[in-house]
Amino acid sequence: MNRQPPQARQPAAAATLLKLFLPSTLGILIFFVPIEIASKRTIPLDHLVTGARALLGEASGLYALTLIVAGATYPLIRGYWNRNLTERIFTGLKFAGIAAAVMALTGWGPGFLHEPDMLPFLFDKLVIPVGLIVPIGAIFLALLISYGLLELIGVLVQPVMRPIWRTPGRSAIDAVASFVGSYSIGLLITNQVYQAGQYSAREAAIIATGFSTVSATFMIIVAKTLNLMDIWNLYFWLTLLITFVVTAVTVRLPPLSRMDDSAEDGEPETVPGKRLSTAWRIGLDVAEKAPSLHRSVALNFKEGLVMAISILPSIMSVGLLGLLVAKYTPLFEWLGWLFYPFVAVWGVADAAALAQASAAGLAEMFLPALLMAEAEFAARFAAGVVSVSAVLFFSASIPCILSTSIPLSVGRMLVVWFIRVALSLLLAVPTGYLVQTLAG
């Protein structure tokens with residue numbers, strides 16, 4: 001008899017359990033459990049980024065400039081810079097980002113660009129931190145998304161996807177991947193599933209405009225800018241909740257509600273067996289087949305670096321343009337009045353400023369945070385939520401969606417953006433007051 005004794009099979013099962021739980025637990029600790037170091041209490045990832053910047057010292061600016069130059073030349077090297085009009089426009093904006101970064105580092109250029117709330121603020125408070133946190137965060141993001149936790153959660157929340165968000169069960173993984181990963185990861189998954197005929201046009205559009213928001217690492221920058229790191233967990237989870245509540249409403253309104261809802265290869269909405277046991281089994285299967293830790297970290301670091309160089313040049317150029325438009329033209333002031341009623345109803349002292357900053361988020365998602373950094377708590381909290389829950393902005397997510405096969409025009413996205421910002425403000429301001437009360 002060559003039967004393997006039971007104890008000989010046990011180590012493999014134990015190893016798989018460790019592979020599921022250890023990286024996922026460490027990832028949760030890195031992103032969500034504040035610790036105190038040098039009299040500063042914040043999440044470990046924030047401590048790591050602060051330490052990295054301290055080590056770089058004055059070289060942190062040169063590091064950011066290097067990433068911006070790499071990001072501007074990357075489309076030329078890969079040969080897709082002239083693939084369509086959108087790519088050509090953004091390639092030009094990325095080279096403008098190099099010029100803006102050089103001016104920020106050298107002090108060269110018109111004096112009005114070097115006022116404290118212009119280039120110095122943009123480069124020091126946004127570009128350098130993003131250049132550090134995206135690659136470093138990507139390393140630890142591998143722990144959250146590569147070892148089965150994502151799929152396990154996805155299966156557990158499948159039953160609520162269709163009734164609440166009118167998307168199939170498989171989109172649960174899509175939604176979670178977008179929120180803890182990035183909109184680029186989410187859009188990549190969405191486009192592939194849509195092209196395979198497993199999402200209808202409406203389902204793909206809902207996921208692209210409702211779930212494909214910026215990642216947890218970007219949210220840390222927003223929270224730091226708005227001085228919200230003391231309530232990081234409240235900010236993160238309440239922003240997630242508001243984002244998904246807003247999505248549940250927008251899917252029932254035009255233009256999303258009127259899009260084609262037929263799919264070639266729909267998904268059965270039932271999961272075989274008991275859901276908890278199925279989720280457990282799938283999580284273990286993913287953990288068992290997952291690559292080694294060093295391979296997963298290396299792959300995620302590479303993707304994080306590519307993402308950093310892709311977004312930093314346009315953040316520099318579009319962000320500067322947005323700040324200039326906000327300060328020297330009435331455009332966002334006019335646009336902001338459309339949102340004023342949704343803020344003023346709560347009696348916020350900075351109502352007009354918050355409405356106008358929220359409108360500025362259409363250009364670049366960080367602008368509401370940059371413009372409201374000195375406001376009262378409820379307004380700062382609301383600006384932080386809107387930065388994320390609006391989902392759509394011209395410096396990155398809108399061009400990314402346009403480059404997919406999902407049938408969303410700029411006009412449709414603008415309507416969805418308006419609805420999302422209005423609803424987000426309506427929910428975020430009272431939530432900010434509630435958090436202020438709870439936080440003492």
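The values are calculated or read from the model by the stated rules, or taken from the named source; none is laboratory data. Bear in mind the structure is a predicted one, so any value in this text is a computation, not a measurement. With ideal geometry, Cβ positions are generated from the backbone for all residues, glycine too; neighbour counts draw on all protein chains shown. These area figures cover heavy atoms from the full protein model, side chains too; ligands, DNA and RNA do not enter into them. Shrake-Rupley method; radii C 1.70, N 1.55, O 1.52, S 1.80 Å.
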Subject >> Subset of segment 88-111 that is in contact (Cβ under 8 Å) with a residue 40 or more places away in the chain and touching a Phe, Trp or Tyr at 6+ places or on another chain (Cβ under 9 Å) - its residue that is most open to solvent (accessible area, probe 1.4 Å) >> reply: LEU105
Subject >> Enumeration of residues in segment 141-159 that are open to solvent by 30 Å² or more (accessible area, probe 1.4 Å) and either closer than 21 Å to LEU45 by Cβ or of a type in the set (Val, Ile, Thr) (or both) >> reply: ILE145, LEU149, ILE153, VAL157
**OP:** Please find, within segment 356-392, the residue that is nearest to ASP230 (Cα to Cα) out of those that are aromatic (Phe, Trp, Tyr) and open to solvent by less than 10 Å² (accessible area, probe 1.4 Å).
**Re:** PHE381
**OP:** For residues that are under 23 Å from ASN191 (Cα atoms), surrounded by fewer than 16 Cβ atoms within 10 Å (Cβ to Cβ), modelled with pLDDT of 85 or more and touching a Gly at 6+ places or on another chain (Cβ under 9 Å), tally how many sit in segment 254-293.
**Re:** 0
**OP:** For segment 75-87, enumerate the residues that are open to solvent by 30 Å² or more (accessible area, probe 1.4 Å), assigned to a helix (DSSP H, G or I) and either in contact with a Phe, Trp or Tyr (Cβ under 9 Å, 6 or more places away or on another chain) or among the charged types (D, E, K, R) (or both).
**Re:** ARG78, GLU87
Original post:
Which residue pairs have Cβ atoms closer than 8 Å, lie 6 or more positions apart in sequence or on different chains, and pair a first residue in segment 292-308 that is among the basic types (Lys, Arg) with a second residue that is surrounded by fewer than 19 Cβ atoms within 10 Å (Cβ to Cβ) and part of a helix (DSSP H, G or I)?
Top reply: none
Original post:
Of the residues PHE377, PHE366, which single one is more than 19 Å from the chain's Cα centre (by Cα) and not acidic (Asp, Glu)?
Top reply: PHE377
Original post:
What residue, of ILE206, ILE164, is at pLDDT 90 or above and open to solvent by less than 30 Å² (accessible area, probe 1.4 Å)?
Top reply: ILE206
Original post:
Does segment 310-319 contain any residue that is part of a helix (DSSP H, G or I) and either free of Cβ contacts under 8 Å to residues at least 40 places away in the same chain or open to solvent by 50 Å² or more (accessible area, probe 1.4 Å) (or both)?
Top reply: no
Original post:
Among (1) in a loop (DSSP other than H, G, I, E, B); (2) of a type outside the set (S, T, N, Q); (3) modelled with pLDDT under 85, where does PRO116 come up short?
Top reply: (3)
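Among the candidates ILE139, ILE133, ILE164, which residue alone is of a type in the set (Val, Ile, Thr), farther than 24 Å from VAL222 by Cβ and touching a residue at least 60 places away in the same chain (Cβ under 8 Å)?
Values: ILE139 fails: farther than 24 Å from VAL222 by Cβ; ILE133 fails: farther than 24 Å from VAL222 by Cβ.
Just a single option satisfies the conditions, and that option is ILE164.
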Original post:
Tell me, which residue of segment 1-59 that is open to solvent by less than 80 Å² (accessible area, probe 1.4 Å) and either assigned to a loop (DSSP other than H, G, I, E, B) or touching an Asp or Glu at 6+ places or on another chain (Cβ under 6 Å) (or both) is modelled with the highest pLDDT?
Top reply: GLY57
